[in-house]
Amino acid sequence: MRARGLVGAALLGACSPVTPPGLVLDVGRTCRDIELAVADPDVLPGWRIHAAAIARSGEDATWYLASEHPGELELRRVPEDIPGVDLTTVGMAHEFTLTRGPIEGQTWLTLDRGDEARLWRIDEDVAELSAGPTLADFPDDTSTEWFYRLVFLGQSPHLLALPRLTRAGEVPVHVAAVTPELGLGERWALTATVTCPPLSEMNCPLLWEDLRALDVLDVAEPGSVAGAALLLSIATRPDAVPAPEMPAAAFQTLILSLALQRDPTAESPVLTRRDHVAWTTAGPVLPSPPRSRPTRSGSTCSRGSSPAPRAPAPTRPPPTTCTTPTC
């Protein structure tokens, strides 16, 4: 997800001084899969690397989420000037997000367990790794599990909670400021509501009452946009696949983005929703969350979106959010 031109028509009202970031969505060719490979043999040889974040611009030091043996997981720095942490008993690799912060020399690790979250902060300047408490009461809603993502408004960290099951037209978004102790401070409950064009009420997602599966596809790199931006998918649930003897069902998939910004004149952060792509298929199409890693030159290798394996043929060729490797 890159902050370049403008896509979508949902804009903030003219009375707001906040301008949402422009976004370009690549809906090109279908990516079956893009494998992640380590190009430098000197980086943790024999280890499986799940994620990486450069510790400081212009330097080789990098933090890695990696496994030496199956069933193990560690957060390690190369070179190992700062001790890492064994995460084997804390969570699985896919439950963690590793990212640089907007402050030079800070790296953040987020644990997303669906019903609880936890944060770690690495400060290169003081050679310190801080671990926060388990965050099990955010939000105060047990009707669904949640996706937890760390975002930054300016240089201030905030934790977002997005429902894993939601109505397509109205998505609750819970936001909490992160304290220096890595707990949660002030909280806000927002709603990302779709804006439907005139005379399109029959096809407006606001009228869809069923719960659908939400997934977080990507989060903009801190500092790359004014505020925070996320790319999401909302799709008909995979368990809605009919039995073989039943007629084929129609599966709907929406790709949308959320922009979160602070407005000094408002009491809460400003949330903007843009709906980018929608298609209907005879079988489910599953956009895959991208995986990326930095190289020594600063480029990244990514995995884009892919259709569901062995899905029935679509009613028309669906576009996908496809990312081509740059390394």
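The values are calculated or read from the model by the stated rules, or taken from the named source; none is laboratory data. All of these numbers come straight from a predicted model, not from anything done at the bench. Neighbour counts are summed over all protein chains in view; Cβ atoms, including those assigned to glycine, are modelled from backbone coordinates with ideal geometry.
Worth pointing out:
- Of the numbered criteria (1) modelled with pLDDT of 85 or more; (2) small (Gly, Ala, Ser); (3) closer than 24 Å to GLN106 by Cα; (4) under 16 Å from the mean Cα position of the chain (by Cα), the one SER257 fails is (3).
- Restricting attention to the stretch 162-172, the residues that are out of contact with any helix residue (DSSP H, G or I) (no Cβ under 6 Å at 6 or more places or on another chain), closer than 20 Å to ALA259 by Cβ and touching a residue at least 40 places away in the same chain (Cβ under 8 Å) add up to 4.
- Looking only at residues of the stretch 158-170 that are assigned to a strand (DSSP E or B) and over 15 Å from the mean Cα position of the chain (by Cα), we find that the one that is surrounded by the most Cβ atoms within 10 Å (Cβ to Cβ) is THR166.
- Count - residues of the stretch 171-202 that are outside any strand (DSSP E or B) and closer than 22 Å to THR110 by Cα: 5
- Taken over the stretch 188-230, the criterion of being of a type in the set (Ser, Thr, Tyr) and either in contact with an Asp or Glu (Cβ under 8 Å, 6 or more places away or on another chain) or farther than 30 Å from GLN155 by Cβ (or both) is satisfied by THR191, THR193, THR195, SER200.
- Members of the stretch 258-268 that are over 19 Å from GLU221 (Cβ atoms) and either in contact with a Gly (Cβ under 9 Å, 6 or more places away or on another chain) or not in a loop (DSSP other than H, G, I, E, B) (or both): none
- If the condition is being at pLDDT 95 or above and of a type in the set (A, V, I, L, M), then the stretch 134-171 contributes LEU135, LEU150, VAL151, LEU159, LEU160, ALA161, LEU162, LEU165, VAL171.
- Within the stretch 173-190, if we keep just the residues that are in contact (Cβ under 8 Å) with a residue 60 or more places away in the chain and within 22 Å of LEU231 (Cβ to Cβ), the residue that is surrounded by the fewest Cβ atoms within 10 Å (Cβ to Cβ) turns out to be TRP188.
- Test: residue in the stretch 271-292 that is more than 29 Å from PRO197 (Cα to Cα) and at pLDDT below 50: yes
- When ASP239 is tested against the conditions (1) assigned to a loop (DSSP other than H, G, I, E, B); (2) at pLDDT below 75, the lone failure is (1).
- Yes/no for THR142 being in contact (Cβ under 8 Å) with a residue 24 or more places away in the chain, among the β-branched types (Val, Ile, Thr) and assigned to a strand (DSSP E or B): no
Table: residues versus (1) modelled with pLDDT under 60; (2) among the aliphatic types (A, V, I, L, M); (3) farther than 23 Å from GLY183 by Cα; (4) surrounded by 14 or more Cβ atoms within 10 Å (Cβ to Cβ).
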{"site": "GLY5", "(1), (2), (3), (4)": "yes, no, yes, no"}
{"site": "VAL38", "(1), (2), (3), (4)": "no, yes, yes, yes"}
{"site": "SER57", "(1), (2), (3), (4)": "no, no, yes, no"}
{"site": "THR62", "(1), (2), (3), (4)": "no, no, yes, yes"}
{"site": "SER67", "(1), (2), (3), (4)": "no, no, yes, yes"}
{"site": "ARG76", "(1), (2), (3), (4)": "no, no, yes, yes"}
{"site": "GLY91", "(1), (2), (3), (4)": "no, no, no, yes"}
{"site": "LEU98", "(1), (2), (3), (4)": "no, yes, no, yes"}
